[in-house]
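Data block below; observations after.
The values are calculated or read from the model by the stated rules, or taken from the named source; none is laboratory data. Keep in mind that what you see is a predicted model, and the values were worked out from it rather than measured. So basically every Cβ, Gly included, is an ideal-geometry build from the backbone, and we count neighbours across all protein chains shown. Accessible surface areas use protein heavy atoms only, side chains included; no ligands, DNA or RNA. Shrake-Rupley method; radii C 1.70, N 1.55, O 1.52, S 1.80 Å.
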Amino acid sequence: MSDEVRDLRELLSAVVEALTVPGDDISDRRLVDRALWVRTTVRGALDDDPSDIGWNVGYLRRKMAEEESRHTSK
């Protein structure tokens, strides 16, 4: 599998993770926030050099980790 294909699969996996809100406390705000991050990430992946897709995946996963950390610390 080429690096580009592997990065694309990672991007799609991160998108699915972002749109899957864990736990029972699913709020509209959490879904809206995650959808905005997904849009930003996918737009970046489409506009950037394919070799930069890994950065976009990292961005999305960092945003999700930050959100989860804030949510679980309440």
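Observations, loosely collected:
- All positions within the range 1-54 that are among the acidic types (Asp, Glu) and in a helix (DSSP H, G or I): ASP3, GLU4, ASP7, GLU10, GLU17, ASP28, ASP33, ASP47, ASP52
- Among residues of the range 11-22 being within 12 Å of GLU67 (Cβ to Cβ) and open to solvent by 40 Å² or more (accessible area, probe 1.4 Å), the one that is modelled with the lowest pLDDT is PRO22.
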